[in-house]
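None of the figures in this text is laboratory data; all of them are computed from the coordinates on show. Note that the structure is predicted; figures quoted are calculated from it, not measured. Backbone-built Cβ (ideal geometry, glycine too); neighbour counts: all protein chains shown.
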Amino acid sequence: MKPSINEPSDEYELDAFQKGFVFWESPKAEYMPPIDEAGRREWLEGFCQAHADYPDGDDFEGGETAQEALDRMMEGHPALPTLKAMLE
């Protein structure tokens, strides 16, 4: 049986979009955005898609924008300013 995107395994390599999507539910280091700009754009698309699909997440109250979610989940991360600029 092939692993699903929600249950990544060593056998399944996630692309940047998928990592951004999974980061919404599981904000772990292995799902952080890539270093290159194209990878960050793709990651951000996945993150925003997950935010749109599941705006309330599991651990906070609804009404949060994607930018507010980035601020909360990636506070202090060096990629945060670049990601926020991409949202504008």
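Spacing of the modelled spin labels on Glu88 and Lys28, each 7 Å from Cα toward Cβ, amounts to 3.4 nm.
Taken over segment 19-88, the ratio of Cα radius of gyration to 2.2 N^0.38 Å equals 0.99.
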